[in-house]
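For reference, the structure is listed below as structure tokens.
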């Protein structure tokens, strides 16, 4: 039987959620980017920073906390107070780190609350203009002739670009030397200098490199060609079927962050991607296919990614270093 006391408690609980949402934010909001400046996650953060700030009525401060393929910065957020003052942007390594680094000090599913899956983009294989190859077939032939002599750079061990290239080598029967970097910024600098023969990445940070002809695209690690580069074949079209690795970008918060705060941040982040200048940069220039899936969709997406790529990591004995 309902009592006056229980009815009163229920009414107070009902009132508490809106009051909590209205009292937030209580100061500057931290947006943690678990990679060095200059990469695609950092670029995304800076594109949505001001629109989100305007929407929630508080400063948004970006903090770059790179290391361990994004795991160090992510751990800080997982351990942060769930008060709505700390949020996280992640890249595809968020789905591979649980298998690669089982002792991260936090549980990806338990300790973080998915907010929004911004979008996805296929990885690409590119080469510096100083190198002779113009097709994926030429690269594969050269690698078969001289195993492990050709090198390729990625943002790090266990990134989807790395795992996609592991699949490519297995399917194509050739061997390359992997050179991991500490994020998209360092990789972009190395690519511009031609430090490695090949580069595997989403292409979102190489727009200017491609425009200037510094890098030459060879193949897309995705199910279809990119609209911005219609002449670049997929790996399947280049003779390597089943080699697909699409990167993703998303936002999370510490678990137990109040639902009204998560909902307000989701709405603000979603609205930020609808600003014409931001949307143009994300879709046309960076080549991201916007999805803007909320918490339930993002959580299901992460589960699939963790399972799929965890299996690839185990089957190929991939190590984090």
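The values are calculated or read from the model by the stated rules, or taken from the named source; none is laboratory data. These numbers come from a predicted model, not from an experiment. Here the Cβ positions follow ideal geometry from the backbone for every residue, glycine too, while neighbour counts run over all protein chains shown.
Could you go through segment 142-155 and let me know if any residue there is closer than 30 Å to residue 52 by Cα, surrounded by 18 or more Cβ atoms within 10 Å (Cβ to Cβ) and outside the structural domain of residue 36 (by TED's automatic domain parsing). There is at least one residue in segment 142-155 that is closer than 30 Å to residue 52 by Cα, surrounded by 18 or more Cβ atoms within 10 Å (Cβ to Cβ) and outside the structural domain of residue 36 (by TED's automatic domain parsing).
Of all residues in segment 135-183, those satisfying the criterion of being in contact with a strand residue (DSSP E or B) (Cβ under 7 Å, 6 or more places away or on another chain), in a helix (DSSP H, G or I) and either closer than 21 Å to residue 69 by Cα or modelled with pLDDT under 95 (or both) are 160, 161, 162, 164, 165. Take the conditions (1) closer than 14 Å to residue 122 by Cα; (2) touching a helix residue (DSSP H, G or I) at 6+ places or on another chain (Cβ under 8 Å); residue 223 misses just one of them, which is (2). For segment 290-321, the set of residues classified as closer than 27 Å to residue 171 by Cα, touching a strand residue (DSSP E or B) at 6+ places or on another chain (Cβ under 9 Å) and buried (at least 16 other Cβ atoms within 10 Å of the Cβ) consists of 301, 302, 305, listed by residue number. Among the residues of segment 222-233, not a single one is outside any loop (DSSP other than H, G, I, E, B) and either in the same structural domain as residue 58 (by TED's automatic domain parsing) or surrounded by 16 or more Cβ atoms within 10 Å (Cβ to Cβ) (or both).
Those residues that are assigned to a loop (DSSP other than H, G, I, E, B) and in contact with a helix residue (DSSP H, G or I) (Cβ under 6 Å, 6 or more places away or on another chain), I need them from segment 240-262; list them, please. Those that are assigned to a loop (DSSP other than H, G, I, E, B) and in contact with a helix residue (DSSP H, G or I) (Cβ under 6 Å, 6 or more places away or on another chain): 240, 243, 245, 258.
Every condition in (1) touching a helix residue (DSSP H, G or I) at 6+ places or on another chain (Cβ under 7 Å); (2) surrounded by fewer than 24 Cβ atoms within 10 Å (Cβ to Cβ); (3) farther than 15 Å from residue 250 by Cβ holds for residue 69 except the one numbered (2).
Just one of the numbered conditions (1) free of Cβ contacts under 8 Å to residues at least 40 places away in the same chain; (2) part of a helix (DSSP H, G or I); (3) in contact with a strand residue (DSSP E or B) (Cβ under 9 Å, 6 or more places away or on another chain) is not true of residue 191: (1). Among the residues of segment 195-221, which ones are under 16 Å from residue 154 (Cβ atoms) and either part of a loop (DSSP other than H, G, I, E, B) or more than 23 Å from the chain's Cα centre (by Cα) (or both)? Passing the criteria: 195, 196, 197, 202, 203, 204, 205, 206.
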